[in-house]
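Visitor: I am attaching a structure below and will ask some questions about it afterwards.
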Amino acid sequence: MDIGHKLRHFRTKKGISQETLAHLLGVERNSYIKMENGKTNVSWERLEQIVKILEVDIWELLSYDEKQVVYVHTNNHGHITNNGAVTQNIASSTELAEKCKELEIKVAVLEERLCGKEKEIALLNELLNSKR
């Protein structure tokens, strides 16, 4: 399933009409219909809005099945290209979610270390300035 079909699937599963979702997104109904039909590109920001409204994980929207994941291609304007999606059998959406959690933890640890280093630099600067 491409992104447009996934949009339709999750929208109908949630019981929301095209008109209602378009209104919630702040776009005309015809513009939303083009998204579902794959006739227009969907920006990353718009996808973030959609997944919040439909209460689905972004990976559910971007994955094709449990063993295929879409490589997200964007054009120069930050829009995800909806045609010719490239997939590779690399991991299930569950495995990706677990990997994301691992990476979030690593980022948090690195941010904490960075904060500690910034404090050390500030202290060293104070010592340096006090000796002048």
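Visitor: Name the residues in segment 30-50 that are in contact with an Asp or Glu (Cβ under 9 Å, 6 or more places away or on another chain) and more than 12 Å from ILE3 (Cα to Cα), would you?
Guide: Of everything in segment 30-50, just one residue is in contact with an Asp or Glu (Cβ under 9 Å, 6 or more places away or on another chain) and more than 12 Å from ILE3 (Cα to Cα), namely TYR32.
Visitor: Restricting to segment 1-18, and then to whatever is touching a helix residue (DSSP H, G or I) at 6+ places or on another chain (Cβ under 6 Å) and either over 26 Å from CYS100 (Cβ atoms) or in contact (Cβ under 8 Å) with a residue 60 or more places away in the chain (or both), can you tell me which residue is surrounded by the most Cβ atoms within 10 Å (Cβ to Cβ)?
Guide: Ranking the candidates gives GLY4 first.
Visitor: Select from segment 19-38 the residues that are in contact (Cβ under 8 Å) with a residue 24 or more places away in the chain and closer than 19 Å to LEU62 by Cβ and write down the one among them that is farthest from the chain's Cα centre (by Cα).
Guide: Per the criteria, the residue is ASN37.
Visitor: Still on this structure, please answer the following. Can you tell me which residues in segment 1-18 are touching a Gly at 6+ places or on another chain (Cβ under 8 Å) and either among the acidic types (Asp, Glu) or in a loop (DSSP other than H, G, I, E, B) (or both)?
Guide: If the condition is that a residue be touching a Gly at 6+ places or on another chain (Cβ under 8 Å) and either among the acidic types (Asp, Glu) or in a loop (DSSP other than H, G, I, E, B) (or both), then ASP2 is the only one that fits.
Residues are listed down the side, and each one gets a yes or a no for (1) more than 20 Å from LYS99 (Cβ to Cβ); (2) modelled with pLDDT under 90; (3) assigned to a loop (DSSP other than H, G, I, E, B):
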{"position": "THR20", "(1), (2), (3)": "yes, no, no"}
{"position": "VAL27", "(1), (2), (3)": "yes, no, yes"}
{"position": "SER31", "(1), (2), (3)": "yes, no, no"}
{"position": "GLY38", "(1), (2), (3)": "yes, yes, yes"}
{"position": "GLU45", "(1), (2), (3)": "yes, yes, no"}
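The values are calculated or read from the model by the stated rules, or taken from the named source; none is laboratory data. Here the structure is a predicted model, which is why all the values come from computation and not from measurement. Ideal geometry is used to build each Cβ from the backbone, glycine not excepted, and the neighbour counts take in all protein chains shown.
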